[in-house]
Structures are given as C-alpha cells and as structure tokens.
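Taking it in order: structure first as structure tokens, then the write-up.
The values are calculated or read from the model by the stated rules, or taken from the named source; none is laboratory data. Please read all numbers here as calculations on a predicted model, not as lab measurements. Note: ideal-geometry Cβ built from the backbone for every residue, glycine included; neighbour counts use all protein chains shown. Each accessible area value is taken on the protein alone, full model and side chains, heavy atoms only, with ligands, DNA and RNA left out. Shrake-Rupley method; radii C 1.70, N 1.55, O 1.52, S 1.80 Å.
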Amino acid sequence: MEFGYHIREYREEILEYLAELIAIPSVSDPNAKTPGRPYGEASARALESILRKGDEMGFSIKNVGNYAGHVAYECGDRDEYAAVLSHVDVVPAGAGWETDPFALTERNGLLYGRGVLDDKGAAVVSLFCLKALKDHGILGKRSLRCIFGAGEEVGMSDLEHYFAEEPLPVFAFTPDGDYGICNREKGILHFTLQGKNNSVVLQSLQGGQVVNAVPDLALAILRCTKKEVERLEEAAKVSGEQYTLQWNDGEGTAEFSVRGRAAHAREPAQGHNAVLHLLDLLGQVFAPETLGVLPSFLRKAVGLETDGRSLDIHQADEPSGPLTMNVGIVRIDSRDAMAGLDIRYPVTGDGDAIIAKLKDRAEAEGLSYRTMEDLKPLYAKEDSPLVSVLSDAYRAATGEEALLYATGGGSYARCIPGRCVAFGPVFPGEPDRKMHQSGEHIDPELFFRHAEICLEAMYRMLLTP
C-alpha cells in the first residue's frame, strides 16, 4: 500500500514555506565568507531558516558551522540512520528574468523562482515528508534525517565539513537530479587558467558568474580604431549574435557585449556561451598577438566547442556518454587574465590524465594551470539494497519502473560513495525547467507527484530491515 499520498495533506504549508525560503537570495559565495558564515550571509540565513522550521515541527536539529545541518526524526536506532540530502544555496539569478527571481511567482499555472527546482523545492518537500511520518506515528528500525547543505553550488565542501562531525548514513538519496535512479555520475573537474593581460586591444573582459553555468552575457572594453569597430560591427551582424557595440570617439575605445543563453555546465551544448562567441567575433577582426595570450588560447584551444576536441581530451564511454566542457568565467582587467572551466568526464575516464594534458597545453602557451576541484566519478551497483528500496518506492507511487541512468551533473551522492544516489525530482519527458537559467520554474502538479514519491521512499528507508 502506498503511503506517499499523505504528503498532499501539507500542500498549502509546503508552498507557503517554499515562498519564504525562495525570498532569501542564498547565493553561495566563499569569497563573501565572514566568521560563522562560510558561504556568505544569505546562504547561512537560508540554512538557519530551514533548521528553525524543523525545530518548530518538534524535531531535533543540528547546525554544523553554517556549512550544513540536519533535521532528525529520532524514532529508531539513533546510531543508524537513513537520510535525504538537499541544499538551500542557489546559483546567481542572472539576467533575463520576467519575474522577480527571489519571489515565488505563479504564472500560467507554473511556479517561478531561483531555487524552486534546484534545490529549495525538494529541500522543503523532504522536511514536510519528515513531518508527515511523525504526524502519522510511523516508527522505524532506524532514525531518519533531512540533511541540508549551504554550499553545494560551489563545490560541496559543505558536506565534507558536516561528515567530519557526523557519521555517514546507512543509505541515502538526494532529490537533485531526474527520475528514475541516477547510479552513475561523471567526474567533475574545475580548473583555472591564469596569465597577464598582455593584450593591446582588451582593456577588460567580464563574462560569467559561476564555473558550472554557461555564461549568458559577456562585456569587453576595447582599445581600437573606428575602422576596427566598423569591421567588428559587420562581423557581429553577419553572425546573428545578440550584441551591443558603442564607439567612444574621444577615448578611442569601444564597449562590446554579447548576449548568450545560460545552461547548466553538465549540458553546455544546450546553452549559447556569450564569452566564447564574443571571443570568436574579436578573433575575426584582431590578430591573436593583439588579443593577448588567454583570449587567443581560448579561441584556438576551445573555440565554440563543448567536447574538448581541440584540447585532445575528448572521450566517451557506454555507461555515461561523452566528456563535456564549459568556459564558465572569464575575468580580464588591466593587469591580469583568468578563466574558469568546468569539465564533466566519463565514469570510466581518468581525471589525472586529463589534468596532465591540460596542464602541459596551458603551460606551453604561457598560462598557469590550477585544479580547483576534481570530483571522481560515481558508479553505484545496480543490485544494491538502496536501489531496490527506491525502485520499489517509485513503482508503488507511480505504477511504473524506475530506469537507471547516468548524468554529467554532480550531486551530493558522490559525497557518500556506494550509499547514496540521485533520485528525482524531474520526470522523464518534462520540458526544460530552466535550472541554472533565468526563468527557473516547476509544474506544481509534477512537483507534488515528486513529493509523493519522496515520502514513499523515506517511509520505506525508515522501515527497511
């Protein structure tokens, strides 16, 4: 018998609190850290808010230094627990919203807001699933925790700190992916390329805000002639790019911007990289030696590619598909030049070999290479007890079988290898819900269908021997 339908009793409460959480602009930013706020003030406020909500529901809570925390239903063995892992931090809102990104807004039957899909909606659902279990007097063999992170979008160091203080769960899932069950996650490599700005053309270039999203806007300040501006304008018109170009006659400079389309770095081909397209246009007018070492390297070694072919790192495997690459951030000022890149490599791939190739290529061009993060691939066994529990829950709630799949996304599952997988909340065949893009939204009916599955899974994790 399905238990998950009970979550619909909490529909209005869930939406009311989701609106409250969305209103906190909890963009995680390690550079904004203050004492007790490792990812900035707003990220900490979001974590404190959801833990306080759990406390009001009568659960025990713990905040681990505003890195992460938990709300616990201690109804069984306290030394053994299952868990649902989600996060309350978000990526920056970005440009192009038609609604306030930090106000939960209903429009044409859909709900809009930054984090409503990734991952505040799922976080709120998991908390109310815990309440449903408690309200209905369900007691289990073990305890059950909702663990909430505050820095998932900037590398998942939040759970490293949490599990340095807390034991690992016996099994867990993270509702931060798609249905059915993601038992394969590609390796994630974040790295930077740095050098001096030796360009005679580029005074500055700014593009992108986070490495794990395709930048939707790039802006360059150029030192150039009016004739060069005219050539650039002609190239931009032919390209079909969305651009602005303004010549400042008295200063001998021009402001040039290109508008792209954001997308998650796990699917960079779904976006339109504003930085790369801006560099492509500049390269049609200015010689490589005048653009400088970093822009010329990006144009030659990356171009408009998303698969790493020109860097000789392209690869693919049957379990998880091809390597993908995204240039997420470029910062060039009067002195320095920096780019941040994101690579997702196959589960059978060798991250160390990729790093070695990148380092050799960058240093040969006069750039310094630095690995910021190398999250190794995840490959959970198909016949594990966890996969069985989640498969049974999905079947009970939907009447359908949960397919196993691979992703280029990175979830909390890789923080607990072999004990955690990504499970929901997006259903097969759903249209693009604009995760990491402007206009992020959910369909409330599918959202509450996910809530039913989530509660069914938590119910079964609580009771499974």
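Tabulated values for the structure
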quantity	calculated
Test: residue in segment 120-135 that is in contact (Cβ under 8 Å) with a residue 40 or more places away in the chain, farther than 25 Å from Glu373 by Cβ, open to solvent by 10 Å² or more (accessible area, probe 1.4 Å) and in a strand (DSSP E or B)	no
Any hit, segment 409-421, residues being open to solvent by 20 Å² or more (accessible area, probe 1.4 Å), in contact with a Leu (Cβ under 8 Å, 6 or more places away or on another chain) and modelled with pLDDT of 95 or more	no
Residues within segment 225-272 that are open to solvent by less than 60 Å² (accessible area, probe 1.4 Å), touching a residue at least 40 places away in the same chain (Cβ under 8 Å) and of a type in the set (A, V, I, L, M, F, W, C), tallied	7
Unique residue being open to solvent by 30 Å² or more (accessible area, probe 1.4 Å), over 30 Å from Leu404 (Cα atoms) and modelled with pLDDT of 95 or more when the list is Arg299, Arg309	Arg299
Looking only at segment 194-215, and only at residues there that are outside any loop (DSSP other than H, G, I, E, B), among the small types (Gly, Ala, Ser) and modelled with pLDDT of 95 or more, the one that is nearest to Glu251 (Cα to Cα)	Ser204
Test: residue in segment 192-207 that is surrounded by fewer than 17 Cβ atoms within 10 Å (Cβ to Cβ) and charged (D, E, K, R)	yes
Options Lys53, Lys33: the member that is among the basic types (Lys, Arg), within 30 Å of Tyr394 (Cβ to Cβ) and surrounded by fewer than 23 Cβ atoms within 10 Å (Cβ to Cβ)	Lys53
Counted residues, segment 410-465 - those being among the aromatic types (Phe, Trp, Tyr) and in a helix (DSSP H, G or I)	4
Answer from Arg114, Arg107, Arg45 - the residue that is at negative phi, among the basic types (Lys, Arg), buried (at least 20 other Cβ atoms within 10 Å of the Cβ) and modelled with pLDDT of 95 or more	Arg114
All positions within segment 141-159 that are open to solvent by 20 Å² or more (accessible area, probe 1.4 Å) and either aromatic (Phe, Trp, Tyr) or farther than 30 Å from Arg266 by Cα (or both)	Lys141
Hits in segment 339-364 - residues which are charged (D, E, K, R), surrounded by 15 or more Cβ atoms within 10 Å (Cβ to Cβ) and in contact (Cβ under 8 Å) with a residue 40 or more places away in the chain	Asp342, Arg344, Arg361
Flag for Ala95 being of a type outside the set (Phe, Trp, Tyr), more than 26 Å from Pro346 (Cα to Cα) and in contact (Cβ under 8 Å) with a residue 12 or more places away in the chain	yes
Pairs where the first residue, in segment 393-408, is polar (S, T, N, Q) and the second is open to solvent by 40 Å² or more (accessible area, probe 1.4 Å), C-beta under 8 Å, 6+ apart	Thr398/Arg449; Thr407/Asp178; Thr407/Arg266
Where a residue in segment 436-465 is at negative phi and its partner, wherever it lies, is part of a loop (DSSP other than H, G, I, E, B) and of a type in the set (Lys, Arg), with Cβ under 6 Å and at least six apart	Glu440/Arg114; Glu440/Lys434; His441/Arg433
Unique match (being more than 30 Å from Leu390 (Cα to Cα), over 18 Å from the mean Cα position of the chain (by Cα) and without any contact (Cβ under 8 Å) to a residue 24 or more places away in the chain) among Glu16, Glu41	Glu41
